[in-house]
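Below is one structure, written out as structure tokens, with a few remarks after it.
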Number of protein chains: 2
Amino acid sequence: MLGPLSAFVLTPFDGDAVDERGFVALVERSAAAGVDSIGALGSTGSYAYLERSERARLARAAVEAAGDVPVVVGVGALSTREVLAVVEDAQQAGAAGLLLAPLSYQPLTDDEVFGLYEDVTAAASVPVCVYDNPRTTGFTFTDELRARVGRLPGVGSLKLPGVPADPDAARTWITDLRGAVAPGVTLGVSGDAFAVRGLRAGCDTWYSVVAGVLPRTCLDLTSAVLAGDDERVRRIEARLEPLWSLMAAHGSLRVAAAFAEQLGVVPRAGLPRPVRDLPAEGQRAVAELLVGGDWG
Amino acid sequence: MLGPLSAFVLTPFDGDAVDERGFVALVERSAAAGVDSIGALGSTGSYAYLERSERARLARAAVEAAGDVPVVVGVGALSTREVLAVVEDAQQAGAAGLLLAPLSYQPLTDDEVFGLYEDVTAAASVPVCVYDNPRTTGFTFTDELRARVGRLPGVGSLKLPGVPADPDAARTWITDLRGAVAPGVTLGVSGDAFAVRGLRAGCDTWYSVVAGVLPRTCLDLTSAVLAGDDERVRRIEARLEPLWSLMAAHGSLRVAAAFAEQLGVVPRAGLPRPVRDLPAEGQRAVAELLVGGDWG
């Protein structure tokens, strides 16, 4: 469905208002660096906190700012009605794909989640990426459900929440999953700390939060992994380790926002309440990381 | 904040549309039976799946249909902005109280949840009931956070997701919690299977899903518990046990909706997609329960 590096961009807030100019700057930054696709309005893009009209406006802005780079737009919402409305808006904006997580309030059964993807793929005219993220949705996919959903016509990709730590186990899992979904459905890894493991295990795509702030660094890492240049991978990973640790402690969104703001990529990368900015000790850790580093 | 029995009513759907007439019939049924308060647009009322305009219309309809019975209106939403807008609508509708769960997409920290209640109580002019339901929100309150939030001016009640199984442990917990929150803040138990335990442990209120469908039965149970009539409590609980089991297996919403529909209280009690009706085997179990029972 997409090339190896997909950069998920932040939606910066200033108080209650979306900073659309900052959002466009982030899309342009990643597109100019040469990422293979842009993810707009994903978890990093705070889609769950936005009104429908804001989502439609930002989807249009993203597609325009990305130029030739395809844009995948997050379309998740708690009700299927709302998802279908947002799908329509995203498609009219020119989305190349739709990212759909099974947001839950009432805990959903496997059949209900399958039904959601059935309803949405039946209505959509561009490929749907199945967004598997138990941390935000509260829903855990089984491999059986991944396979069922991955055989639905209209599904283009599975965005997985990581891969097993053991390289052999990771490769086996990805190989088995590839055999279980429809031919051509791509498998992507997210959780930036899993990127190298995921790509080495055979994932097609790295769905990356950090690439929305540091696209050049993530392109370097991706090309090093794909070239099998283990020494270069180790060098880049060593630089990124402290970032992965901060993300594990505070959530990738809060850390990416602090990074974007401290790097000066956007004037202010506030988060939508009730979510709050990275606390002071995290901000200081980000500042220390930035000192002397060539981050881009 | 409220008397002993609070009946949370369903919001019945017919396909994608809310059946407002059915909703009003449910409010009227519980109010006529003599419950102490009505909970409109709680989890059972599918608030998380409704648009703002629907929530405002149903809040007005509930207050009107409830007559002299106070109505607590659910105001939860993923973004604080949206919560504040819904609070305004609920207050204009005449809500006697506001039920607020810390809905989460990004997992929230304790400080973020405290901040949410701080922001909302500062804006609200009627008491806020803190809705603690980890099953739907993904957020787990600590006792320390319950105490912090329970001392915020403007908080009127804590709605707890159950009490410990051991009666002494339950009584100790409720007594300690009462000492930790501000004077006058009521403690309520939800999870209908915990009602008797909760009231016996000293909870002021039973926030009940079943009372929105079977208000008379729940009033009987409540008065039996408060009168210390253990024999009558046992009799009523024995009738309700199969219902608690079904609710534990399928979620209380799906079971309450099937019950309301099969009892004929509403012509159709559909659920908002992606949530689906109780599966066939559960529907059969509800039908068996109804045979010969004097349910009201």
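Data for the structure
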item	result
Residues whose placed amide H lies under 5 Å from that of B:Gln106, excluding near-sequence neighbours	none
If the convex hull is drawn through the Cα atoms of region A:33-156, its volume per residue in Å³	104
Inter-copy label distances at A:Pro279 (7 Å, Cα→Cβ; nm, one decimal)	4.3
Kirkwood hydrodynamic radius of region A:92-161, Cα pairs, Å	12.2
Rg over Rh [alpha-carbon atoms, Kirkwood Rh] for region A:1-94	0.95
Drop in accessible area of at least 30 Å² in the complex versus isolated chain, residues of region B:1-32, 1.4 Å probe	B:Asp16
Kirkwood estimate for the protein assembly as shown, i.e. one over the average of 1/r between Cα atoms, Å	25.1
B:Ala17 paired with B:Ser125, simple spin-label distance in nm, labels 7 Å along Cα-to-beta-carbon	3.5
Shortest-first nm distances, A:Gly293 label point to equivalent points in other copies (7 Å, Cα→Cβ)	5.9
At least 10 Å² accessible surface lost relative to isolated chain, residues of region A:69-86 (1.4 Å probe)	A:Leu78, A:Ser79, A:Thr80, A:Arg81, A:Glu82
nm² value of the averaged projected area, convex hull over the Cα atoms of region A:5-227	11.3
Probe 1.4 Å, protein heavy atoms only - accessible area per residue of region B:195-296 in square angstrom	40
For the A-to-B rotation axis, chain A residue with nearest beta carbon and its distance in angstrom	A:Gly138, 2
Cleavage-rule hits, trypsin sites (Lys or Arg not before Pro), region B:192-296, DSSP coil, Cβ neighbours within 10 Å at most 14	B:Arg268
Summed buried accessible surface, chains A and B, 1.4 Å probe, nearest 100 Å²	3400
P(r) of region B:207-266 over all Cα-Cα pairs, binned every 10 Å from zero, in whole percent	23, 51, 24, 2
Of all accessible heavy-atom area on region A:5-227, the percent that carbon and sulfur account for (1.4 Å)	50
Inter-copy separations for B:Ser53, label at 7 Å along Cα-Cβ, nm, ascending	1.2
Residue list for region A:157-201, given a label point 7 angstrom along the Cα-to-Cβ vector of A:Glu237 and an amide N cut-off under 17 Å	A:162-172, A:189-201
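The values are calculated or read from the model by the stated rules, or taken from the named source; none is laboratory data. Because the structure is predicted, anything quoted here is derived from the model rather than measured. All Cβ positions, glycine included, derive from the backbone under ideal geometry; neighbour counts span all protein chains shown. SASA here: full protein model, heavy atoms, side chains in, ligands and nucleic acids out. Shrake-Rupley method; radii C 1.70, N 1.55, O 1.52, S 1.80 Å.
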